[in-house]
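Here's the structure, in structure tokens; my notes come after.
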Amino acid sequence: MTLEKVCQFWGTFHLDQTIFYPQGGGQPYDTGIISHNSKKFFVEEVRFIDGVVKHIGKFEGEAFEAGETITCSIDVERRQLHTRLHSGGHLVDMGLKQLGITWRPGKGYHFPNGPYAEYAGSLENFDIEKLKADLENACNEIIQKGIETKVLFTPKEEMGSVCAFVPDYIPANKPARVVLYGDYGVPCGGTHVANLKDIGIISIRKIKQDGENIRVSYSI
């Protein structure tokens, strides 16, 4: 299965737009094919470098010519898995909030080989096995509500009205992208499920202290 979009080719590896997600924000890159008639470029890796999305791969046959209209086709099954894993990390945030736990969110790793979310905090005075069970139940209860996802762009100074946490690195010179799961806002540039039910079922595999951080490992 693929997702396709027609774009314009502007010389060697230059497109006017792309649907390929470059690796970043704890989410892996897309793979797929860029094509024009019988010409094909197999995209094996996508990176965001110096403000440009770089499609890395190889041609089968002739290269494209400037001005040709090409079709971008991504591997949808891969994108959907990464999207569910990414959204699962934000779901953990929501589950913790429902339990009244106010750890400060840190980095996330939303790859298939062991996704997790990290937080600044301490597990002192927590029964970890009970916390695992409570958090898993809270997350799956949220999933069953069928909350839809929306996206908005808002200035950094106004993000606090919709986001529980606003990272320092958010630029202040332009509107920032916020993903809303119902009324729960997250500053994020990644891909997200249209409805939290699309995640399926989430399991909390492990919660452990890692220095000054807490790592919550999960699977979907």
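Since every read-out is calculated from the coordinates, none of them should be taken as a lab result. All figures in this text were calculated on a predicted structure; none of them were measured in a lab. Here Cβ is always computed from backbone atoms with ideal geometry, including for glycine, and neighbour counts include all displayed protein chains.
What angle, in degrees between 0 and 90 and rounded to the nearest 10, separates the Cα long axis of helix 128-144 from the longest principal axis of the Cα atoms of the chain?
Tilt of helix 128-144: around 50 degrees.
Straight-line reach only, C-alpha to C-alpha below 17 angstrom: list the aspartates and glutamates that Lys40 could link to, leaving out same-chain residues fewer than 8 apart.
Within the straight-line cut-off, Lys40 pairs with Glu4, Asp30, Glu60, Glu62, Glu65, Glu68, Asp75.
Would you please put 172-181, 54-63 in order of how densely packed they are, using the mean number of other Cβ atoms within 10 angstrom per residue and starting with the highest?
172-181, 54-63
Using a Cα-Cα cut-off of under 20 Å, which aspartates and glutamates could be cross-linked to Lys174, ignoring same-chain neighbours fewer than 8 residues away?
Those aspartates and glutamates meeting the cut-off are Asp50, Glu157, Glu158.
Over the chain, what relative contact order in percent results from Cα pairs under 8 Å that are six or more residues apart?
19
Roughly how compact is the range 127-212, stated as its Cα Rg over 2.2 N^0.38 Å to two decimals?
1.29
On full extension of the chain, what length is gained from Phe48 through Arg177, given 0.36 nm per residue of separation minus the C-alpha to C-alpha distance?
Stretched out fully, the Phe48 to Arg177 stretch lengthens by 44.7 nm.
From the helices alone, meaning DSSP H stretches of at least four residues, give me the mean residue ellipticity at 222 nm for the chain, per-run term -39500 (n - 2.57), in deg cm²/dmol to the nearest 500.
Theoretical 222 nm ellipticity from helices: -6500 deg cm²/dmol.
If you take every residue apart from Glu68 with its C-beta less than 14 Å away from the C-beta of Glu68, what net charge results, scoring Lys and Arg +1 and Asp and Glu -1?
-1
Taking neighbour Cβ counts within 10 Å as the exposure measure, how do Leu196, Leu123 sort from fewest upward?
Ascending Cβ contact count within 10 Å gives the list Leu123, Leu196.
Hey, what's the per residue convex hull volume over the C-alpha atoms of the chain, in cubic angstrom?
It is 135 Å³ per residue.
Length gain on complete extension for the stretch Ile201 to Glu158, per 0.36 nm per residue less the alpha carbon to alpha carbon distance?
Separation in residues times 0.36 nm, less the Cα-Cα distance, equals 12.2 nm.
Equivalent-ellipsoid semi-axes (√(5λ), Cα gyration tensor) for the range 168-220, whole Å, largest first?
Calculated on Cα positions only, the semi-axes equal 25, 20, 8 Å.
May I ask which of Lys107/Lys145; Lys145/Lys206; Lys97/Lys208; Lys156/Lys197; Lys97/Lys156 have a Cα-Cα span longer than 20 Å here?
Over 20 Å apart, Cα to Cα: Lys107/Lys145; Lys145/Lys206; Lys156/Lys197; Lys97/Lys156.
As an exercise, use a Förster radius of 30 Å and the Cβ-Cβ distance of Phe59 and Ser219 to find the FRET efficiency, rounded to the nearest 0.05.
0.20
Could you tell me how many degrees, from 0 to 90 and to the nearest 10, lie between the Cα long axis of helix 76-98 and the main elongation axis, the longest principal axis, of the Cα atoms of the chain?
20
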